[in-house]
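Structure record follows, encoded as structure tokens.
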Amino acid sequence: MADLKVTVAGVEFANPLIAASGTFGFGHEYSEFYPLSTLGGISCKGITLKERPGNPPPRIAETPSGMLNAVGLQNPGVDHFIEKDLPWLRQQGTKILANIAGNTPEEYCQMAEKLSDSDVDMVELNISCPNVKQGGVQFGTSCAGVEGIVSAVRKYCRKPLVVKLSPNVSDIGEIAVAAEAAGADALSMINTLTGMRIDIRTRRPIIRNNTGGLSGPAVFPVAVRMVWQASSRVHIPIIGMGGVSRWEDVVELMLAGASAIQIGTVLFSDPYAPVKILDGLRSYLDSNGIASVTELTGKIQAY
Amino acid sequence: MKYDVRICEILKKEEIAKGIYDLTVEAGELAEKAQPGQFAQIYIPGKTLRRPISICSADAAQRTMRFVFEIRGDGTKLLSEIQEGQSLDILAPLGQGFCLGDTSRRALFVGGGIGTPPLLYAARKFGGNASVALGFRNAEAVILEKDFRDAGCKVQIATDDGSYGYHGLVIDCIGQEMPEVVFACGPGPMLRAVSKFAADRGIPCQISLEERMACGIGACLGCACKILRDGREVYGHVCKDGPVFDAQEIVWEVG
Ligand SMILES: Cc1cc2nc3c(=O)[nH]c(=O)nc-3n(C[C@H](O)[C@H](O)[C@H](O)COP(=O)(O)OP(=O)(O)OC[C@H]3O[C@@H](n4cnc5c(N)ncnc54)[C@H](O)[C@@H]3O)c2cc1C
Ligand SMILES: Cc1cc2nc3c(=O)[nH]c(=O)nc-3n(C[C@H](O)[C@H](O)[C@H](O)COP(=O)(O)O)c2cc1C
Ligand code: FES
């Protein structure tokens, strides 16, 4: 049987599948379907220093092969997360990534400091949420911004630091290099691409926030391209995501350079997707005589 | 398990009014768990998001579940094309349904259009104690009248154009009712009027809301609606805190 274990920035995952932030809450709802230890890890809903109410509805729109969301980081705040959500999650036998967003570098640093004293395995710095005016994306779309925020947080963060990149940039390679230089232990990408839908009957945007973040199979080729471009520029590992819905997509994104994979939107159409993807991945590795899934990472033979 | 995914065979499919379909599916143990007012998320091949459809009724003995839906767009159109003998991938039962309490109380059920189906299962439990008032566009759009009558309920129908029953809004034909509890589902303005009807008389009122959904189980926070909790206005979630809410909890959007 092929070995599915992967290690990212010193953290060992039982398999390369991690639930993507914002699609899995804090795990409770999906634990109805299977033990959460089925997953290598869980990236929790994005949290902020103080509780946030989120955006007014509608927050969701369907798109061809995808969806838009503008949830707006509704969350109970970092203290509530550490006291109320983390203890239960910690017992589920899976790795925990705390996904954090803020308005100011100080907020990010305070959260990183609190989480460093907590039981989480990694901190995922969300500098790429497109749905709130000041949710970090202002730091995530220029090299100087990325360098500033990552080096500031680095000083306070005693957990492995994953920096989650926005695809809404012109040169993902440059941004990846800036994050690495500033002290990131790993990168995760891609967050959602900003999109929009309009109801032609009412001439109103479907989403109350006007724009939202595009996810799902529609963004998969963009994710493959960006993971490939970033991985050729940095030495730190990359957690790839964006539209993964089948085991074949996991293999493809790992060939492009990912060391682990997050899945989000596919859970909405099939809550059992992690189980099916892992089954498929296992038999693929076995039937191709691949001893460890880690052998796939970066093995693209590009022209 | 509170809810699960199941592949359910379609046992019966019927177009009961123009563009409105009535499906009965073989639902196994999901049928035993389903409570009045809960809903299902139905997978539509080729669509990213499941479609939320209320459980119109469930039969634990027969292990069946019934859905009544209207074609409103691409997804429901595709759903209407699936035939008897084929299967649906269903995630159910979801959300908080109606809190029925003492079914010997006089209950008033108010439904508008495609908001009618979710009331049937609950009204059956009240039988002869239920008075049901339903509003539709016109005579052709009237659905489920016989089902409510067969359950022993007293039924009044209103149509916008007067082509069947009372000519006008359903809210205008409930003035004489003296219920002890009210249940409603339908368009926003109707729900608001029903809430006011109940509040004016100091009667408890439960209403079923809709919102666009992704996960359907409370994980993505997509289906927000403003509610009062502990005196504070917060965004609750239709799929988990609802779809049925106490009318006094709802914070109605102005305009
Ligand atoms: C809890 C709940 C119970 C429901 N019960 C019933 C029922 O018993 N019978 C019935 O006919 N309809 C019901 N609806 C409404 C039904 O979900 C929509 O009509 C349906 O999703 C429209 O899908 P579409 O692809 O045809 O339309 P499109 O407009 O093409 O759909 C695009 C997207 O918007 C969403 N959407 C559009 N309208 C609505 C809406 N009114 N509510 C929620 N999401 C919407 C769709 O799910 C989809 O994700 C219910 C909705 C909710 C939330
Ligand atoms: C409803 C929803 C909420 C999300 N919330 C967050 C969030 O809080 N923080 C974050 O970093 N990414 C968030 N994302 C982005 C996902 O983590 C992921 O980057 C993106 O959806 C692409 O992956 P997918 O196509 O597999 O969903 C959210 C996505 C969705 C669909
Ligand atoms: S649809 Fe995901 S929280 Fe309600």
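At a glance:
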| item | result |
| --- | --- |
| The stretch B:112-171, residues that are assigned to a strand (DSSP E or B) and open to solvent by 40 Å² or more (accessible area, probe 1.4 Å) | B:Lys154, B:Gln156, B:Tyr166, B:His167 |
| Subset of the stretch B:219-244 [assigned to a loop (DSSP other than H, G, I, E, B) and either within 15 Å of ligand 2 (Cβ to nearest atom) or farther than 16 Å from B:Gly95 by Cβ (or both)] | B:Ala219, B:Cys220, B:Leu221, B:Gly222, B:Cys223, B:Asp230, B:Gly231, B:Val238, B:Cys239, B:Lys240 |
| B:Gly216 vs. criteria of a type in the set (Gly, Ala, Ser), out of contact with any Asp or Glu (no Cβ under 7 Å at 6 or more places or on another chain), within 14 Å of chain A (Cβ to nearest Cβ) and within 16 Å of ligand 2 (Cβ to nearest atom) | yes |
| Residue match in the stretch B:78-86 (condition: in a loop (DSSP other than H, G, I, E, B) and within 15 Å of ligand 1 (Cβ to nearest atom)) | yes |
| Conditions (1) without any contact (Cβ under 8 Å) to a residue 60 or more places away in the chain; (2) within 30 Å of B:Arg72 (Cα to Cα): number failed by A:Gly212 | (1) |
| Residues of the stretch B:218-241 that turn out to be within 16 Å of ligand 1 (Cβ to nearest atom), of a type in the set (A, V, I, L, M, F, W, C) and more than 20 Å from A:Phe33 (Cα to Cα), as a count | 5 |
| Some residue of the stretch B:30-39 being in contact (Cβ under 8 Å) with a residue 24 or more places away in the chain, open to solvent by 20 Å² or more (accessible area, probe 1.4 Å), within 16 Å of ligand 3 (Cβ to nearest atom) and more than 17 Å from the chain's Cα centre (by Cα) | no |
| A:Gly77 at positive phi, open to solvent by less than 10 Å² (accessible area, probe 1.4 Å) and modelled with pLDDT of 95 or more | yes |
| Test: B:Gly202 is closer than 21 Å to B:Trp252 by Cβ, open to solvent by 30 Å² or more (accessible area, probe 1.4 Å), away from ligand 3 (no atom under 16 Å from the Cβ) and within 14 Å of chain A (Cβ to nearest Cβ) | no |
| Single condition A:Ser31 does not satisfy, out of (1) closer than 19 Å to B:Tyr235 by Cα; (2) within 14 Å of chain B (Cβ to nearest Cβ); (3) in contact (Cβ under 8 Å) with a residue 40 or more places away in the chain | (1) |
| Residue within the stretch B:97-112 that is more than 16 Å from ligand 3 (Cβ to nearest atom), among the basic types (Lys, Arg) and not assigned by TED's automatic domain parsing to the domain that holds B:Met190 present | no |
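The values are calculated or read from the model by the stated rules, or taken from the named source; none is laboratory data. What you see is a predicted model, and the numbers here were worked out from it, not measured in a lab. All Cβ positions, glycine included, derive from the backbone under ideal geometry; neighbour counts span all protein chains shown. Calculation scope for accessible area: heavy atoms of the full protein, side chains included, ligands and nucleic acids excluded. Shrake-Rupley method; radii C 1.70, N 1.55, O 1.52, S 1.80 Å.
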